[in-house]
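Let me begin by presenting the structure, written as structure tokens, before commenting on it.
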Amino acid sequence: MIVVDGVSKTFKLTRKQRKEMGRQFTGSSIDALKNVSFTCEPGRIFCLLGPNGAGKTTALRIIATMLRPTEGHVTVDGLDTRRQGRAVRRVLGFSTGATALYDRLTPNELVLYYARLNGIPDREAKRRRDAFFDMLDVNSFADRRISKLSTGMRQKVSITRTLIHRPSVLVFDEATAGLDVMAAQSIHNLMRQLRDEGRTVLFSTHRMDEVELLADDLAILHEGALCYRGTYDAFHAAMQADTLEEEFIRVIEDVGGPTGNGHAVHLTTGTEETP
Amino acid sequence: MRTIWIIFGKELKDTLRDRRTLSMMILVPLVLVPVIVVLVTQLQAQLVVSARAPLIRVAVVNQDAAKGLADLVQAQDDMRLTPGVAASGIPALIRNDKIDAAFLIHPDFDERVQRQQSGQIEMFYESDINVAVTRERLREVMNDYREQILRQRLADQGLDGNMVEVVSVEERDVARRQVILGRIFGGILPYFFIIFCYLGAMYPAIDLAAGEKERATMETLLTSPASRFQIAAGKFWVVVLCGFGSALVSILGLYLGFYLVRDMPPELTRALEEALYLDRVAMLALILLPLAMCFAGLMLSFSIFARSFKEAQSILSPLAIITVLPAVVGLLPGIELTPRTALFPMLNVSIAMKEIIAGTVRPVGLMLVWVSLGLLAILSLLACAYYFRREDVIFRS
């Protein structure tokens, strides 16, 4: 379970960053998250929805102990992210859309590396790796350098890396970004499977089709603040607009308009982006 | 400790598979150092030979008027008597490089000498870059001839020829050979080691910090149970190993270079062999290890701060010059390993290496250098770990 309680995150800006923000911006810092609270339950898929720059990645990085909240607390399976960072990371699997893997290693070596970092004995790590590789059909390229693999192959390796230590909490940061339909579908299936196994699944996206497909619970984040928090069913039932996209726009406009700094909100349906 | 070891093992494997790092770490020192050694030793050997015996072609005009002078010139190993030169042709022959110098003996020379008077000889030479050497040696011949005549005069008077020698000076160079060697090679070799230590560490440092940030693999590593210190330490030791390894390979390159050099003057071969005695190489290695640690900490700190591989490269490349500059001071004459210089980073390394190669290093001085470098190495590791912990650095974009 993930409990995010009143979390705020402020980033100090460098002179260059202030310049990039434009003349209207006069502050020296930016609030990436403003008093955000939500809970992700085990056995459910929680979707963090928001346009680019809403603060989704910052929230996920705080949960994964990469960043410290300026205010508030986060617990993962009852473990405090500030004080028990290492223990949190032992129960957490984190995957990003960039499928960032070490190009000069082979899938075999990469997965074993992360297993060892998680304290799994080599024999057990190899047993788990072989099982994953059988399931995901990785064996045919398990000894090939990752730099030579296709995006889909890399995605399979990335999934194995994320799950090798059997985390009870899974965090996916725009995990399907840049993937083709087949690869994206395998990620969706994986999320469902993990949910069915009783694990906590949190994923961030800006794609409405993924929300419809996967979300049990939903939080909408806009300019660092939560605009909606509840079940997807409740959100859908209370929809005032005809489509999910229109409803999303209506919700974020209700809390201060789609733009705070002159940038258009981008939503997507399927793989096509519409401004 | 186990986690650091795991990260170290993976990063080392990753680094050794990078062609750019491998070439900078192994190929460049192994090829470049022998090439430089061959060129430098050949040049040095040439200089030794040319400084030892540049043959001077000398004409003695009217040699009948000064008995013995032509014989004296002929007897010199480094002079060749050129016959058949007329007085009027001397300047033109020297200018046209037919001869290097000439003695023009006045016709009444012998007669005046017989009368116990002063005979006159004109000495011709051309002012060029070797004028000091030529003139000095012509004067030596003339002094010998002068002394020969003087002794003859004294003997004619029944006096001892030695009475003209009021003071007898015998020059003896008491400098030990290893000191001379230290001066010659100690000034050059530390640069090889320092530069290759730096270059060998640079690419891994960039790749393992800025490169990993750029490739977004850092994020997944940060979500593993490894702490930031463990991540920094694992990477740190890989960079240390690469820098240290590269410096050692450059020493190997030196051996290879000396092996490849043919027709090296024997004294030069002996000198180089002594400079690379195993005990001295071992002492050099003990200096290079903390040096590589200092470099690793410094480079990783800058590298993790950089937004990209390119930015890290643009920071670390000029830093090489700034880092190596203090070592240049170690070349200046009179700079020795004192308690003060032993504490000055880089300067202490170059002086210590110079004295190790010369075989004149004192244990106290060496200890001070180790302590100073060791402290700096620990500080650099802590700085590196500090930067790895800072959110604004690790996610700087």
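The values are calculated or read from the model by the stated rules, or taken from the named source; none is laboratory data. Note that the structure is a prediction, hence the values are computed from the model and not measured. Here Cβ is always computed from backbone atoms with ideal geometry, including for glycine, and neighbour counts include all displayed protein chains.
Quick notes
- One residue alone among A:Glu210, A:Glu197, A:Glu174 is among the charged types (D, E, K, R) and over 18 Å from the mean Cα position of the chain (by Cα), and that residue is A:Glu197.
- Summed over the range A:85-114, residues that are touching a residue at least 24 places away in the same chain (Cβ under 8 Å), more than 19 Å from A:Arg199 (Cα to Cα) and more than 7 Å from every other protein chain (Cβ to nearest Cβ) total 8.
- Scan of the range B:205-229 for residues that are farther than 18 Å from A:Ala87 by Cβ and in a loop (DSSP other than H, G, I, E, B), ordered by number: B:Arg215, B:Ala216
- Against the conditions (1) buried (at least 17 other Cβ atoms within 10 Å of the Cβ); (2) closer than 28 Å to A:Phe133 by Cα, A:Ala54 satisfies every one except (2).
- Criterion (more than 30 Å from A:Thr39 (Cβ to Cβ) and aromatic (Phe, Trp, Tyr)) met by exactly one of A:Phe141, A:Phe132: A:Phe141
- Residue match in the range B:221-238 (condition: buried (at least 24 other Cβ atoms within 10 Å of the Cβ), of a type in the set (S, T, N, Q) and in contact with a helix residue (DSSP H, G or I) (Cβ under 8 Å, 6 or more places away or on another chain)): yes
- Any chance B:Ser303 is closer than 28 Å to B:Ala233 by Cβ and among the hydroxyl-bearing types (Ser, Thr, Tyr): yes
- Residue satisfying all of: in the range A:172-222; touching a Pro at 6+ places or on another chain (Cβ under 9 Å) and in a loop (DSSP other than H, G, I, E, B); nearest to A:Ile249 (Cα to Cα) among these: A:His206
- Filtered by the rule that a residue be surrounded by 15 or more Cβ atoms within 10 Å (Cβ to Cβ) and at pLDDT below 85, the range A:1-16 gives a lone residue, A:Leu13.
- In the range B:146-167, the residues that are of a type in the set (Lys, Arg) form Cβ pairs under 7 Å with partners that are part of a loop (DSSP other than H, G, I, E, B), at six or more places apart or across chains, as follows: B:Arg153/B:Gln116.
- A:Gly43 falls short on exactly one of the conditions (1) over 16 Å from A:Ser168 (Cα atoms); (2) outside any strand (DSSP E or B); (3) more than 16 Å from the chain's Cα centre (by Cα), and that condition is (1).
- Here the condition is being among the hydroxyl-bearing types (Ser, Thr, Tyr), within 14 Å of chain B (Cβ to nearest Cβ) and farther than 25 Å from A:Pro42 by Cα; of A:Ser158, A:Ser147, it holds for A:Ser147 alone.
- When the test is whether a residue is modelled with pLDDT under 90, touching a helix residue (DSSP H, G or I) at 6+ places or on another chain (Cβ under 7 Å), surrounded by fewer than 16 Cβ atoms within 10 Å (Cβ to Cβ) and over 25 Å from B:Tyr277 (Cβ atoms), B:Val329 passes it.
- Yes/no for A:Leu226 being at pLDDT 90 or above, in a strand (DSSP E or B) and at negative phi: no
- Selection count where residues are without any contact (Cβ under 8 Å) to a residue 12 or more places away in the chain and assigned to a helix (DSSP H, G or I), scope the range B:104-134: 5
- Residue in the range A:151-169 that is more than 26 Å from A:Leu79 (Cβ to Cβ), surrounded by 14 or more Cβ atoms within 10 Å (Cβ to Cβ), of a type in the set (D, E, K, R) and modelled with pLDDT of 90 or more present: no
- Subset of the range A:62-84 [in contact (Cβ under 8 Å) with a residue 24 or more places away in the chain and facing chain B (nearest Cβ under 9 Å)]: A:Ala64, A:Thr65, A:Leu67
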